[in-house]
1. What's the angle, to the nearest 10 degrees (0 to 90), between helix 74-84's Cα axis and the longest principal axis of the chain?
2. In percent, what relative contact order does segment 304-384 have, based on Cα pairs under 8 Å that are 6 or more apart in sequence?
3. Which peptide among 373-384, 289-300 comes first, and what is the full order, when sorted by highest mean count of other Cβ atoms within 10 Å?
4. Kindly work out what percent of the DSSP beta bridges joining two residues of the chain are antiparallel, to the nearest 5.
5. Report, in whole Å, the centroid distance computed from the Cα atoms of segment 76-105 and segment 201-253.
6. Quick check: residue separation of residue 96 and residue 251 times 0.36 nm, minus the Cα distance between them. What number comes out in nm?
7. Starting with the fewest neighbours, write out 90, 430, 233 ranked by other beta-carbon atoms found within 10 Å of each beta-carbon.
8. How far, in degrees from 0 to 90, does helix 236-247 lean away from the longest principal axis of the Cα atoms of the chain, to the nearest 10?
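The numbers here are math on the coordinates, done by the rules we state, and not lab data. Small disclaimer: the values here were computed from a predicted structure and weren't measured. Every residue, glycine among them, receives a Cβ derived from its backbone with ideal geometry; neighbour counts consider all protein chains shown.
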Ligand code: DOR
Ligand code: ZN
Ligand code: ZN
């Protein structure tokens with residue numbers, strides 16, 4: 001089985017290539033990347049005018065299986081990934097039961113293999129049941145396929161437990177993905193603390209809620225030698241602290257979610273829970289600093305924090321509804337529109353932050369288009385202009401603040417292991433599910 005991708009703008013951070021090239025894929029492997037490849041192929045993709053990137057990797061998604069299948073399943077989440085241009089996703093452990101055991105890790109891996117071609121890599125909980133007390137068996141979890149440990153959804157509040165976890169993570173060589181939120185400081189907050197919260201009459205979430213745990217975790221990473229990845233950074237001081245940590249040579253990386261660089265608290269005009277997420281939409285000054293951090297490569301990764309919830313849950317008031325928005329199917333176009341089209345990021349930096357750096361952080365042999373590597377490839381039309389329509393989402397979660405927003409940059413093909421799993425050409429869209437052998 002061979003596929004020839006013709007005349008695309010190939011953007012590969014590993015070889016610093018940003019040139020028009022052809023790519024020949026043979027049996028799921030990138031065979032060659034050259035000018036004018038003149039080979040016969042089973043399948044030819046005309047990529048003229050398109051950007052061809054290493055398959056996008058999202059370090060932070062919530063697929064709700066098991067326990068909350070009314071919000072999302074591994075199958076529907078993976079379909080959303082394909083539609084969003086993601087070939088690999090890392091799913092958070094705040095399911096029910098929590099992914100805190102080898103059996104649960106195996107269950108996610110087996111289920112994913114059964115239902116999708118997308119690479120679904122599980123993240124294990126730091127403590128049993130995410131209860132913050134008893135640290136899970138990092139070594140066994142890693143051996144069985146956990147690519148990171150995280151308490152996402154909340155922080156490990158006890159600093160002694162957090163330190164011990166980082167010490168063990170450093171020993172085992174598994175990254176710690178930190179959701180930074182001081183449970184006591186956040187109190188009853190639901191949106192950014194400030195004038196806007198006052199105007200709408202909601203309890204606020206101060207920047208300090210995030211900042212004190214970012215500071216603590218960076219210091220604990222220094223104390224233990226752990227590899228620390230900071231999830232969904234939303235504040236100016238987070239960016240400053242990540243910069244300092246890097247200047248000290250610590251093994252610290254950080255991600256920003258598209259909603260945090262696209263929207264501010266001032267975009268919330270009414271009691272609409274599609275604008276409710278954790279951390280919350282921040283001030284203009286925070287957003288500008290996040291963008292600066294991305295531009296200067298202080299911030300390494302763009303990750304979605306894809307957090308689908310059921311319609312009935314998000315129809316509730318801002319105070320009552322759960323935190324979180326879907327992200328997989330809007331990430332490419334928001335990044336293109338807000339960061340690439342505006343000149344804040346080069347396409348190369350986009351490929352770094354959405355594929356190359358994520359692969360490095362979790363230590364997988366992906367995120368590049370070098371010959372010999374697995375053919376995970378994302379093809380994007382940078383000029384296509386369209387209006388986001390949540391009815392078309394493959395995700396079960398329609399909870400987005402971006403419905404009706406005009407954006408640029410549309411995914412044309414998502415290719416995993418040499419197989420097209422999503423295509424959108426000439427107005428015709430197709431998610432190609434895994435071939436399930438007939439019994
Ligand atoms: O907005 C969020 N939603 N933030 C989180 O940390 C958790 C997530 C979820 O699981 O819904
Ligand atoms: Zn989180
Ligand atoms: Zn999350």
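1. That works out to roughly 60 degrees.
2. Details: 54 pairs, mean separation 14.1, N = 81.
Relative contact order, segment 304-384: 17 percent.
3. Averaged packing, sorted descending, gives the order 373-384, 289-300.
4. Values: 36 of 64 bridges.
Antiparallel bridges: around 55 percent, rounded to the nearest 5.
5. Computed from Cα coordinates, the inter-centre distance equals 25 Å.
6. 52.7 nm
7. Values: 90 24, 430 12, 233 29.
Arranged by neighbour count, lowest to highest, 90, 430, 233 become 430, 90, 233.
8. 70
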